[in-house]
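Notes to accompany the following structure.
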Amino acid sequence: MAKDTTLFKQGTDMHTTNTRRAWLKTALATTVLGLASAGAAAQDWPSKPVRIVLAIGPGSSGDTLARLIAPRLEQRWKQPVIVENKPGASGAVGTEYVVRTTDGHTLLLGSQSSILPKYTQKGLRFDPLTDLVPVRKMLNYQLVIATNGDTARQAPTLKDLVMLSKKDDKGIFLAGLGPTSAFNLTYAILNQQLGMQYSAVNFSNVSDANLSLVRNDAQFIVNNPASVKPFFANGAIVPLAAISTQRYPGFPEVPTLQEAVGYRGYLPQLWIGFFLPKGTPDAVIRRVNADLQAIFEDEAFRKEVEGKLTASVPASSPEAFAKDIREETTLWQELFKTLNIRPE
């Protein structure tokens, strides 16, 4: 005689349904609790003073940016915001310092010089691509190649400067910020076509590099116009070419690289942006990004920064900034192979 399993099946189905409902309620409660905790973490942050670390000395455009936005962040965060300069090893010293911090209140305001040591320095004790979390790209900088007044009298154009460099076996000198700094690497890439004979004299900060150019200890520099603009008026520093496809509106008399020497190739873009150490709660990353975005929603302040630093404020987010870095890093790796640049 066959057994009637209908009641048993119904009971089993009911038990399964109740179990699923209980599981869904628990999962939903856990999710809501997690979101609430994350929201609370973002609301409670910062709970103490915040440090903005730059891996370069005072006097740079990045240093100026940090000191311009710090008071506005203090207003939003109700905590002191302290700017610290930690130069050394082409940016690796300051970057590692931030990577090693565990206080949850230390940000890195960095550039390519924070990322590229992964491919240019031996014995690096951290991985900038995995130990740092991109938060927001703040600025895309304009860049120029410039010389000093004494050299400009002998070589008034970039083409003349290239020719001058070949008249002496020792060539001429670049005022740089370290072999793996964005400035030095940018010129190394450009020089594949320019063919200048030069060596780099490196400094720990932009101010010293500019001074060496003015004194004619170095004969040219790659820099943001804002950094060298004060020397333009008296002719102590003379811009020769804009590293751009178009002339800069603020310096319409400065030719592009293509106009100056017929350059056709990759034009590196110098940027600066904020990072936090790996392990920072996502809610805090979102909070910092939102507050940085809000600062530049003030159009007058944004224009002040763009004008003062000869740069542009791009649209950005943690995801967009991370994507930019991944794509650019792939391109730099290929360029390093072409230039035969290896970790040293």
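The values are calculated or read from the model by the stated rules, or taken from the named source; none is laboratory data. On a predicted model such as this, the values are computed, not experimentally measured, just so you know. Because the Cβ atoms are built from the backbone with ideal geometry, glycine has one as well, and the counts that use them run over all protein chains shown. Only protein heavy atoms, including side chains, enter the accessible area calculation; ligands, DNA and RNA are left aside. Shrake-Rupley method; radii C 1.70, N 1.55, O 1.52, S 1.80 Å.
Residue 230 is checked against (1) more than 16 Å from residue 308 (Cα to Cα); (2) open to solvent by 50 Å² or more (accessible area, probe 1.4 Å); (3) not charged (D, E, K, R) and fails just one. What number does that condition carry?
(1)
Select from the range 56-81 the residues that are part of a loop (DSSP other than H, G, I, E, B) and open to solvent by 20 Å² or more (accessible area, probe 1.4 Å) and write down the one among them that is modelled with the lowest pLDDT. Lay out the reasoning, then the answer.
In the first step, residues of the range 56-81 are kept if they are part of a loop (DSSP other than H, G, I, E, B); the result is 56-60, 78-80.
Narrowing the set further to residues that are open to solvent by 20 Å² or more (accessible area, probe 1.4 Å) leaves 56, 58-59, 78-80.
Working: 56: 88, 58: 87, 59: 81, 78: 96, 79: 97, 80: 98.
The extreme case among them is 59.
Having 3 or more residues that are among the acidic types (Asp, Glu) is the bar; report the helices (runs of 4 or more DSSP H) wholly within the range 262-344 that clear it.
Working: elements: 282-296, 299-309, 318-339.
The qualifying helices (runs of 4 or more DSSP H) are 299-309, 318-339.
Give the range 163-197 a look and list any residue that's in contact (Cβ under 8 Å) with a residue 40 or more places away in the chain, exposed (fewer than 15 other Cβ atoms within 10 Å of the Cβ) and out of contact with any Gly (no Cβ under 6 Å at 6 or more places or on another chain), or say none.
Once the filter is applied, which keeps residues that are in contact (Cβ under 8 Å) with a residue 40 or more places away in the chain, exposed (fewer than 15 other Cβ atoms within 10 Å of the Cβ) and out of contact with any Gly (no Cβ under 6 Å at 6 or more places or on another chain), the range 163-197 yields only 192.
Restricting attention to helices (runs of 4 or more DSSP H) lying wholly within the range 82-127, give those where 2 or more residues are hydrophobic (A, V, I, L, M, F, W, C) and out of contact with any Phe, Trp or Tyr (no Cβ under 6 Å at 6 or more places or on another chain). Give the steps one after another, and end with the answer.
Working: elements: 92-100, 112-115, 117-120.
Helices (runs of 4 or more DSSP H) meeting the threshold: 92-100.
Among the residues of the range 246-259, write down those that are farther than 15 Å from residue 312 by Cα and open to solvent by 20 Å² or more (accessible area, probe 1.4 Å).
252, 253, 255, 258, 259 - these are the residues of the range 246-259 that are farther than 15 Å from residue 312 by Cα and open to solvent by 20 Å² or more (accessible area, probe 1.4 Å).
Among (1) crowded, with 22+ Cβ neighbours inside 10 Å; (2) of a type in the set (Gly, Ala, Ser); (3) in a helix (DSSP H, G or I), which single condition is residue 241 missing?
Failing condition for residue 241: (3).
In a helix (DSSP H, G or I) and either in contact (Cβ under 8 Å) with a residue 60 or more places away in the chain or surrounded by fewer than 20 Cβ atoms within 10 Å (Cβ to Cβ) (or both), is that true of residue 146? Let's see the steps before the verdict.
Working: in a helix (DSSP H, G or I): no; either in contact (Cβ under 8 Å) with a residue 60 or more places away in the chain or surrounded by fewer than 20 Cβ atoms within 10 Å (Cβ to Cβ) (or both): yes.
It is false that residue 146 is in a helix (DSSP H, G or I) and either in contact (Cβ under 8 Å) with a residue 60 or more places away in the chain or surrounded by fewer than 20 Cβ atoms within 10 Å (Cβ to Cβ) (or both).
Determine which single condition residue 253 fails, assuming it passes every other condition in (1) assigned to a helix (DSSP H, G or I); (2) under 26 Å from residue 146 (Cβ atoms); (3) without any contact (Cβ under 8 Å) to a residue 12 or more places away in the chain.
(1)
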